[in-house]
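Pasting in a structure now, in structure tokens, and then I'll have a few things to ask.
The values are calculated or read from the model by the stated rules, or taken from the named source; none is laboratory data. Everything numeric here is computed off the predicted structure, so don't read it as measured data. Cβ coordinates were reconstructed from backbone atoms using ideal geometry, including for glycine residues, and neighbour counts include every protein chain displayed. Surface accessibility is based on the protein's heavy atoms, side chains included, excluding ligands, DNA and RNA. Shrake-Rupley method; radii C 1.70, N 1.55, O 1.52, S 1.80 Å.
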Number of protein chains: 2
Amino acid sequence: MRLSLLCAGLLAALPAIAVEGMWTPEQLPQIADALKRTGLQLDPATLSDLRGQPMGAIVSLGGCTASFVSPNGLVVTNHHCAYGSLQLNSTPENNMLRDGFIAETLADEVSAGPGARIWVTQDISDVTAQVLGGIPADASDRARNDAIEAAQKKLVAECEADEIYRCRVFSHFGGVQYRLFRQVEIRDVRIAYAPPDAIGRFGGDEDNWIWPRQTGDFTFYRAYVGPDGKPAPYSEDNVPYRPKHFLPMAKDALNEGDFVMVAGYPGRTQRYQLASQIDDAIEWTYPTQIAIFNDLINIAETAGKADADVAIKYASSLAGWNNGSKNMAGMLDGFRRADAAGTKHREEAGLVAWLEQRGGEGRAALANYREYAALIESQRATRERNRVVNALAGSGLLGSANRIYRLAQERALDDAAREPGYQQRDWPGIEAGLRQLERRMDVGVDRQILEYWFEKYAALPADQRLQELDAWAGLKGDAPSRETLAAKLDALYAGTSLTATDARLAAFEQDQATLDASDDSFLQLAAALSPALKRLEDERKAFNGALARLQPGYMQALIDYRTSQDRATYPDANSSLRITFGNVQGVSPRDGMTYLPFSTTRGIVEKHTGTDPFDATQAQLDAIAQRRFGRWAVESLNDVPVNYLADLDVTGGNSGSPTLNAKGEFVGLIFDGIWESVASNWVFDPAITRTIHVDWRYMLWIMDEVYPAPAILRELGVEPRAR
Amino acid sequence: MRLSLLCAGLLAALPAIAVEGMWTPEQLPQIADALKRTGLQLDPATLSDLRGQPMGAIVSLGGCTASFVSPNGLVVTNHHCAYGSLQLNSTPENNMLRDGFIAETLADEVSAGPGARIWVTQDISDVTAQVLGGIPADASDRARNDAIEAAQKKLVAECEADEIYRCRVFSHFGGVQYRLFRQVEIRDVRIAYAPPDAIGRFGGDEDNWIWPRQTGDFTFYRAYVGPDGKPAPYSEDNVPYRPKHFLPMAKDALNEGDFVMVAGYPGRTQRYQLASQIDDAIEWTYPTQIAIFNDLINIAETAGKADADVAIKYASSLAGWNNGSKNMAGMLDGFRRADAAGTKHREEAGLVAWLEQRGGEGRAALANYREYAALIESQRATRERNRVVNALAGSGLLGSANRIYRLAQERALDDAAREPGYQQRDWPGIEAGLRQLERRMDVGVDRQILEYWFEKYAALPADQRLQELDAWAGLKGDAPSRETLAAKLDALYAGTSLTATDARLAAFEQDQATLDASDDSFLQLAAALSPALKRLEDERKAFNGALARLQPGYMQALIDYRTSQDRATYPDANSSLRITFGNVQGVSPRDGMTYLPFSTTRGIVEKHTGTDPFDATQAQLDAIAQRRFGRWAVESLNDVPVNYLADLDVTGGNSGSPTLNAKGEFVGLIFDGIWESVASNWVFDPAITRTIHVDWRYMLWIMDEVYPAPAILRELGVEPRAR
């Protein structure tokens, strides 16, 4: 592993910048040569055209990426990205997760839920001057935060003047640059095809992050718009959206070494964090968060075992917690093996030494670095409280009550003055969340989770606690007994009607006075908590203002330092559009073994135990046993390729991104990374980082042979086999 | 996996018989061509000479194999084979397991224990006629058993007339052939060198059966004999044994694809069991035995955590239970993946169909097969009782008392009439076991284990129980309450002096009348149990007689059937000397990945966590970090090879066997197989079966650089590096 890091260092110093990097579209000129060298057959410049082919076909689902694959609005993404919508449509009797879903005709397609969205990026503009221009020279940190927030809200409001758009400002390099994204927001999303869990989630949490892998992690949505072609909420009158661009299925083979590329919306990386932050992650953040995830998993799994309905309701939360727990454990493992903390400390010491060498030029940057580092360290004092209070106040029913109450407060203001997240543009999302709670929340589990957080809250030092919450719970210094807390929670859950969706939606419409007069126990608690949560928000805003003052200087110094070493710098992932490229290839993740670049259906038979998550369907087992692979088999594998590995640079949020070949054609979906490289979010190691993709030939085979969807195949330009 | 089995079938049908097969020395002419073709550079005929080079250097330790590697009696075997003797010499203060052991001079070498033996095979003779010739034509099954037993005892007694020999009769093919092994028995075995656990047991139980692997599983013994050159018990006057042959360290490289060969004493395989027996293994034997192992592990681990002394005492038992549990789980997994039961059933159906085709010729064989199958099935009725009673009666202190009592009974007879295992030749072994109990038994744990078995016994159906044991426990129909049993065990453990080694050794000398008069509670229980155990023994002997009557006919039919398909048949492993050969090579054990043929020190750094069993020593980590590999590094690996894979056919008992290259030189020690192929004991799959070997270059590097032993290196003909 130390060797690997050495390699990483060497590679980064080479002029080639292949593999590592989540590049923004505007950085394409910087990587054009590398793209060509790595194998791109398109003119790299075509990738800069967000409304052209192929970039115009890439869309965001919010948290996941997807792409248009037909002129009739067919969208493909990961099964796990559609998991929530499949869950919303599943009951124990009609279980879309278990049985999969094939819409024979358009009329059979079902809504992915009122909150489901598809965002089609139209353009990205540099708004750095507008965001930073309005900050008074002598602004306090709080004023700085508010000025930046106000400028962003103004930009977004202007951009969204035409209501078909959804806009968002992204900060790159910690505030060095700001970019405004304008996206068409499609609000009627329907499910067209999903394989059964036993294919789409084969291996489940057990195989999550694992190679060898054989997961058919794909699902088809369809985008719908009003008869006028404009985005509209779900309606029977709506018609399929006609995208300007869609990705054609590749006609050529895809082999080891071939160029692949992914465009998508990666969520968050920590490549430029301070060394002290990786220390914190290793010593506190991840170990404690893993313990919390495991506690929550235990609560929901125990309840789910006793009640199939509860199991369905928490399936999506459980998947998230399991994923998070495993991811963090993998990061800790990766940090240890790669000595990531040591690397970070050395890198930071190198920066400091470089700045010190620069004399007067470096002095201001050094002073800024020291202040920035002190600011970051100052978070430690309240990190436990912030985590617990945020989790408690955001949890399930209480979270709904708090959002309802806050919305009532904000609704009284002008829209431009409203808190981001509570502006008019955000209301449908809040409403959808309140509605969907009925499919994702069980009162018994909700109460157990709230109790869990309450016990953690009560264990905080007295000076970290919130007087309003202490007063509600009757806490005076010591933690309450389990019985006292149970009685409080009994009363809380007995005295509310918010467990009913209608009641939540009614409260959603009410003003603050009406809510204040309510005798609903959750709303009363929300009102009591409101001043406390506001205080914490004020603290956070002042902190963010200080961050906005110091972080850009730090990042600029780091960029300059890296430039002095001929190292290009891309911004940390922040859910904005990025491009990454590389090649299909295996890896030796550990001494004494290698991962091959392709997995095959043979692995499904090997792993099949008949028990979830290794319970392949009989239809699939039969097709494999009878070798009904048809044209989807690859000669060198003597089998259908199921998943493949590539050396791209992605993170959560890239899920569902189409994988494109050298011609920009569809060759699959990215859906995971290997366990050995999850630490790459912090420290990228090109020697062992590998992404996992569903092979499009497997998708087509499934739809041709195992769970046939001839109509979808035809729409993809593929003639189904004769039957 | 189904593909793999298909491949297995195809390979077996080819004239080449490489890879699969644990061949007896007398079968060497059958495999001479294959040996040459696979790469052997020696004349295959030289391997037939058991007293020549290299076979003369191979020795048995009983349960493990070893080899002479110097003219001065230096013997090398696995660390795990020497584990018991290292444990005997370890205390919490002076922990040879943890710290390793380097004898600077011969005088520093310590005894491996009074029971340690090295057996040097002198010759093997065919005694089939002698064993089977004395059975009366109309013998009952019991008489048949006794006649065979008597003939074997007679052969052994004659063979051991010169007391330097130890002799044993082995039955091949279930009684088709009998072979007498004559071995020089060396009784003074000392420890010369052992690496610390962190090298010799790196990865521990967690890595057991696992590839990639980085275990330095080697230890050096030295054989000592009396000043006259003849075997003698431990004495300060003894001198190193001068073997006629020893294995030279290889001078050439060993690379992927190179020929390797292992000669050793594999313990037991089940390649020719009936299909009903693999069914039983899947449905009953392994699942229930795994549960038992896990219970025993839990008892000993819990006690060991509370007391370091107890942990040392049960370390060896724990290693065995863990190994057994993991092995059986692996077999069940392998059976499932390979559809081993289906294969067996098809094979057996094939045999039956072939016999049916043969008309009159096959009729007798068919009738014999049916009777044999019925006999095998008849065991099911009492299998649970036999397991529980054998475990209970053999457990710890009670086992000692039962052996003492039985010995007193047998001692009254002529030696030739004594039960095998209780003849004069067996007494030293019994005595050594009674003595060693003090290092391997803790009264508290012993009692818990006995209680565990008692509870299992009490749960047997009433008609399966033993009246003597019921009477002792006050059992009348129902199981006793936990309190009743506890009181019985309190009294049992309070009323014995056998917890003291002196008392056990004194009782070992006493006759039956003296023991019958003893007021020792354990001896009284042994006397009470004696008639019951005798009844079970009578049952077993009658069964064995039936087996001797029917099994040879079944095996002969199977051999004939296989011969008709051009398939050679080697006997199941039975702890007698075998030769297996193949090549260094990796494997794709599962879809989407491969195991490389070599592991390296890089893997040690990767796996090192600082916590047992992944707690590499600082001395080793430093040597790796500083790349002090010297001449032991291999250029293509840029590292020292630690372990390697080959496609040999081995099982437990082969542990410690030297691995020889094409010239018959020492290139390491076999010590494990991969998890994916443990089921090969029942159904050999050449496509995935791989053995794991310690690379001799790693052993030499450890002794040259990490835990230096310059004197041993010189003795191996290797000049230590300058210091």
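Out of all the residues in the stretch B:458-476, which are open to solvent by 60 Å² or more (accessible area, probe 1.4 Å) and either of a type in the set (Gly, Ala, Ser) or within 18 Å of B:ALA527 (Cα to Cα) (or both)?
Within the stretch B:458-476, B:ALA459, B:ALA462, B:GLN467, B:ALA471 meet the criteria.
From the residues in the stretch A:589-614 that are open to solvent by 40 Å² or more (accessible area, probe 1.4 Å) and free of Cβ contacts under 8 Å to residues at least 12 places away in the same chain, which one is farthest from the other protein chains (Cβ to nearest Cβ)?
A:THR611
Suppose we keep only residues that are assigned to a helix (DSSP H, G or I) and not β-branched (Val, Ile, Thr) within the stretch A:177-204. Which one would you say is surrounded by the fewest Cβ atoms within 10 Å (Cβ to Cβ)?
A:GLY204
Then there is this: Determine if the stretch A:613-631 includes at least one residue that is within 25 Å of the chain's Cα centre (by Cα) and not charged (D, E, K, R).
yes
Still on this structure, please answer the following. Could you tell me which numbered condition A:ASP622 fails, if it satisfies all but one of (1) out of contact with any Ser or Thr (no Cβ under 9 Å at 6 or more places or on another chain); (2) open to solvent by less than 20 Å² (accessible area, probe 1.4 Å); (3) not in a loop (DSSP other than H, G, I, E, B)?
Status for A:ASP622: all satisfied but (2).
Are there any pairs with C-beta distances below 6 angstrom linking a residue in the stretch B:499-520 that is within 19 Å of B:GLY396 (Cβ to Cβ) to a residue that is hydroxyl-bearing (Ser, Thr, Tyr) and surrounded by 17 or more Cβ atoms within 10 Å (Cβ to Cβ), with the two at least 6 apart or on different chains, and if so which?
B:ARG504/B:SER400; B:LEU515/B:TYR405; B:ASP520/B:THR496
Only one of (1) away from chain B (no Cβ under 14 Å); (2) part of a loop (DSSP other than H, G, I, E, B); (3) open to solvent by 10 Å² or more (accessible area, probe 1.4 Å); (4) of a type outside the set (D, E, K, R) fails for A:LEU637. Which number is that?
Tallying (1) away from chain B (no Cβ under 14 Å); (2) part of a loop (DSSP other than H, G, I, E, B); (3) open to solvent by 10 Å² or more (accessible area, probe 1.4 Å); (4) of a type outside the set (D, E, K, R), A:LEU637 fails exactly one: (1).
Listed here are the residues, each with its yes/no results for (1) assigned to a helix (DSSP H, G or I); (2) of a type in the set (Asp, Glu).
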| site | (1), (2) |
| --- | --- |
| B:ALA263 | no, no |
| B:GLN270 | no, no |
| B:GLN277 | yes, no |
| B:GLU283 | yes, yes |
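Of all residues in the stretch A:570-579, how many are open to solvent by 10 Å² or more (accessible area, probe 1.4 Å) and either polar (S, T, N, Q) or at the interface with chain B (Cβ under 8 Å from one of its Cβ atoms) (or both)?
2
Separate question: Please work out if A:ASP207 is of a type in the set (D, E, K, R) and surrounded by 16 or more Cβ atoms within 10 Å (Cβ to Cβ).
Against the criterion (of a type in the set (D, E, K, R) and surrounded by 16 or more Cβ atoms within 10 Å (Cβ to Cβ)), A:ASP207 qualifies.
For B:PHE68, which of the numbered conditions (1) more than 13 Å from B:TYR221 (Cβ to Cβ); (2) modelled with pLDDT of 90 or more; (3) open to solvent by less than 50 Å² (accessible area, probe 1.4 Å) fails to hold?
(1) is the only condition that B:PHE68 fails.
Go through (1) in contact (Cβ under 8 Å) with a residue 60 or more places away in the chain; (2) surrounded by fewer than 20 Cβ atoms within 10 Å (Cβ to Cβ) and name the single condition A:ASP108 misses.
(1)
Any idea which of (1) open to solvent by 10 Å² or more (accessible area, probe 1.4 Å); (2) within 14 Å of chain B (Cβ to nearest Cβ); (3) at positive phi is the one A:GLY229 doesn't satisfy?
Evaluating A:GLY229 over (1) open to solvent by 10 Å² or more (accessible area, probe 1.4 Å); (2) within 14 Å of chain B (Cβ to nearest Cβ); (3) at positive phi leaves (2) as the failure.
Also, quick follow-up: Looking at the stretch B:693-710, which of its residues are closer than 30 Å to B:ASP333 by Cβ and touching a Phe, Trp or Tyr at 6+ places or on another chain (Cβ under 6 Å)?
Within the stretch B:693-710, B:HIS693, B:VAL694, B:ASP695 meet the criteria.
Now for a separate question. Go through the stretch B:403-436 and give me each residue that's farther than 21 Å from B:TYR165 by Cα and basic (Lys, Arg).
Matches in the stretch B:403-436: B:ARG403, B:ARG406, B:ARG411, B:ARG435.
Would it be correct to say that A:ARG631 is buried (at least 18 other Cβ atoms within 10 Å of the Cβ) and modelled with pLDDT of 95 or more?
For A:ARG631, the condition - buried (at least 18 other Cβ atoms within 10 Å of the Cβ) and modelled with pLDDT of 95 or more - is not met.
Residue under question is A:GLY582, and the condition is that it be away from chain B (no Cβ under 14 Å), surrounded by 21 or more Cβ atoms within 10 Å (Cβ to Cβ) and within 30 Å of B:GLY586 (Cα to Cα); does it hold?
So A:GLY582 fits the description; yes.
Go through B:ALA619, B:ALA646, B:ALA623 for me and flag whichever is in contact with an Asp or Glu (Cβ under 7 Å, 6 or more places away or on another chain) and among the aliphatic types (A, V, I, L, M).
Every option except B:ALA623 fails the conditions.
Looking at the stretch B:352-368, I want the residues that are closer than 20 Å to B:ALA275 by Cα and in contact (Cβ under 8 Å) with a residue 40 or more places away in the chain and have a partner that is among the aromatic types (Phe, Trp, Tyr) and loosely packed, with under 11 Cβ neighbours inside 10 Å with Cβ atoms under 7 Å, at least 6 apart or on another chain. Which pairs are those?
Between residues of the stretch B:352-368 that are closer than 20 Å to B:ALA275 by Cα and in contact (Cβ under 8 Å) with a residue 40 or more places away in the chain and residues that are among the aromatic types (Phe, Trp, Tyr) and loosely packed, with under 11 Cβ neighbours inside 10 Å, there is no close pair.
Go through the stretch A:81-126 and give me each residue that's aliphatic (A, V, I, L, M) and under 22 Å from the mean Cα position of the chain (by Cα).
Of everything in the stretch A:81-126, those that are aliphatic (A, V, I, L, M) and under 22 Å from the mean Cα position of the chain (by Cα) turn out to be A:ALA82, A:LEU86, A:LEU88, A:LEU97, A:ALA112, A:ALA116, A:ILE118, A:VAL120, A:ILE124.
Residue check: is A:PRO114 in contact (Cβ under 8 Å) with a residue 40 or more places away in the chain and outside any strand (DSSP E or B)?
Taking the combined requirement at face value, the residue satisfies it.
Also, I was wondering about something else. Quick check on this structure: which one of A:ARG567, A:ARG549 is modelled with pLDDT under 95 and away from chain B (no Cβ under 14 Å)?
A:ARG567
Next question, about the same structure. Give the stretch B:448-474 a look and list any residue that's among the aliphatic types (A, V, I, L, M) and over 21 Å from B:GLY396 (Cβ atoms), or say none.
The answer is B:ALA462, B:ALA471.
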